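For reference, the structure discussed in these notes is given below.
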Amino acid sequence: MNKDFLRRLLDAPGPSGFEVRPARVWREEAESFADEVSVDVNGNSMAGLKTTAAPRVMMAGHVDEIGLQVTHIDKEGFLYVDEIGGWDPQVLVGQRVRILAKSGDVLGVVGKKAIHLIKPDERSKASKTTDLWVDVGAASRDEASEMGLRVGDPMVLDQSMIELAGDRIASRAIDNRIGAFVVLEALRLLSVDPPAASTWAVATTQEEIGYQGGGARSSAFSLRPNVALVVDVTFSTDVPDISKKELGEHEVGGGPVLSRGSAAHPVVFERLVEVAEAEGIPFSMQASPRATRTDADGIHLTRAGVPTGLVSVPNRYMHSPNEVVSMADLENTARLLAAFVRSLGPDTDFTPR
């Protein structure tokens, strides 16, 4: 797999609603092999092969990440923030941040009252985002303004991708920029010998805040797919203090996780299982009795309905500065998607009977 592309994609800052930089990296890579590459008004990036063939397949992974946004700059030059997406505020304490200001990036640090100054009976209490601030070194609001800072500026934690032992990597943006990476890598595999199906990889926007479907809904409406595959992350349960009876048994390095129930279409699920077994790709299964909390929720009821499959990558330490996944899982997920697409023909029927 193209690890250089993966690193550039993961390191590009792009929280929900501000995904321009990683989306641009994604499209530049897609242009090296796709037949057609475009971007829509919502920032969704699309790359297609054989765009007039049938059936029409959509492979989607969201390109946004969680972040923070400036809500107020006080007269002393300190920045106050709110969350873009779901944070555990404890992981924000003491972090460095990169603020995406209009005139260029500004670096800062997350500040909090020193432990010595916190009353003993309050020291065990969890921090809230409202208890924190960002210090960019400015001495006043005017100085912060001169640095190009404004209310509404987004920011991400200033963490780059690193390689751990074996084939594991860590990054602040695993969720779910690796989904956008995997769908494009699957398209790359298919481009060597294009399949019968018209196939589109989509890097969707605003999934982390997409309570009405985000960019997944609008891009699916535009593409009119006959079937969709969504790639996201799920909780690995191979770390301490995780309940397997609630979440299932999913290991980093154990292969993709296939979702059953909710937005995951039963016919698509069974076909994914058949393809994985035929290709010798390891996998596990996950129950989704209610919402999947992924782009699948925004796609499967678009227009008259889209049969949708959800394929997830086991991820440790989700929504933290150091999420961890296995490169083998990324490769196997891309292989599974490509093999699924190759199994389709013009007469493939996804109607449950």
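The values are calculated or read from the model by the stated rules, or taken from the named source; none is laboratory data. What you are looking at is a predicted structure, and each value in this text was computed from that prediction instead of being measured. Don't worry about glycine lacking a Cβ; one is built from the backbone with ideal geometry, like all the others, and counts go over all protein chains shown. Surface areas here come from the heavy atoms of the whole protein model, side chains and all, with no ligands, DNA or RNA. Shrake-Rupley method; radii C 1.70, N 1.55, O 1.52, S 1.80 Å.
Here is how the numbers come out for the structure above:
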| quantity | calculated |
| --- | --- |
| Residues (farther than 26 Å from ILE169 by Cα and either of a type outside the set (D, E, K, R) or in contact (Cβ under 8 Å) with a residue 12 or more places away in the chain (or both)) located in segment 310-348 | PHE340, VAL341, ARG342, SER343, LEU344, GLY345, PRO346, THR348 |
| Selected residue [at pLDDT 95 or above, farther than 30 Å from GLY166 by Cβ and among the hydrophobic types (A, V, I, L, M, F, W, C)] from VAL341, VAL268 | VAL268 |
| Residue count, segment 163-187 (criterion: in contact (Cβ under 8 Å) with a residue 60 or more places away in the chain, over 16 Å from the mean Cα position of the chain (by Cα) and open to solvent by 10 Å² or more (accessible area, probe 1.4 Å)) | 4 |
| Filter result for VAL233 (touching a residue at least 24 places away in the same chain (Cβ under 8 Å), open to solvent by 10 Å² or more (accessible area, probe 1.4 Å), closer than 22 Å to ASN2 by Cα and in a strand (DSSP E or B)) | yes |
| From the options ASP347, ASP329, residue that is assigned to a loop (DSSP other than H, G, I, E, B) and of a type in the set (Asp, Glu) | ASP347 |
| Condition check for SER219: among the hydroxyl-bearing types (Ser, Thr, Tyr), out of contact with any helix residue (DSSP H, G or I) (no Cβ under 6 Å at 6 or more places or on another chain) and in a helix (DSSP H, G or I) | yes |
| Some residue of segment 188-196 being closer than 20 Å to GLU29 by Cβ and without any contact (Cβ under 8 Å) to a residue 24 or more places away in the chain | yes |
| Tabulated pairs, segment 86-102, first at positive phi, second open to solvent by less than 20 Å² (accessible area, probe 1.4 Å), C-beta under 9 angstrom, 6+ apart or interchain | GLY94/VAL110; GLY94/GLY111 |
| Those residues of segment 93-136 which are over 19 Å from ASP82 (Cα atoms) and open to solvent by less than 60 Å² (accessible area, probe 1.4 Å), in sequence order | GLY104, ALA114, ILE118 |
| Residues that are farther than 30 Å from PHE340 by Cα, polar (S, T, N, Q) and open to solvent by less than 40 Å² (accessible area, probe 1.4 Å), drawn from segment 31-86 | none |
| Complete set of residues in segment 1-26 that are farther than 21 Å from GLY210 by Cα, free of Cβ contacts under 8 Å to residues at least 40 places away in the same chain and either surrounded by fewer than 21 Cβ atoms within 10 Å (Cβ to Cβ) or polar (S, T, N, Q) (or both) | ASP4, ARG8 |
| Any hit, segment 288-309, residues being buried (at least 24 other Cβ atoms within 10 Å of the Cβ), part of a strand (DSSP E or B) and in contact (Cβ under 8 Å) with a residue 60 or more places away in the chain | yes |
| Residue list for segment 248-261, restricted to those being open to solvent by less than 60 Å² (accessible area, probe 1.4 Å) and more than 20 Å from ALA170 (Cα to Cα) | GLY248, LEU258, SER259, GLY261 |
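Quick grid of which residues meet (1) modelled with pLDDT of 95 or more; (2) closer than 26 Å to MET318 by Cα; (3) in contact with a Lys or Arg (Cβ under 7 Å, 6 or more places away or on another chain):
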{"position": "SER140", "(1), (2), (3)": "yes, no, yes"}
{"position": "SER145", "(1), (2), (3)": "yes, no, no"}
{"position": "GLY148", "(1), (2), (3)": "yes, no, yes"}
{"position": "ASP153", "(1), (2), (3)": "yes, yes, no"}
{"position": "LEU164", "(1), (2), (3)": "yes, yes, no"}
{"position": "ALA173", "(1), (2), (3)": "yes, yes, no"}
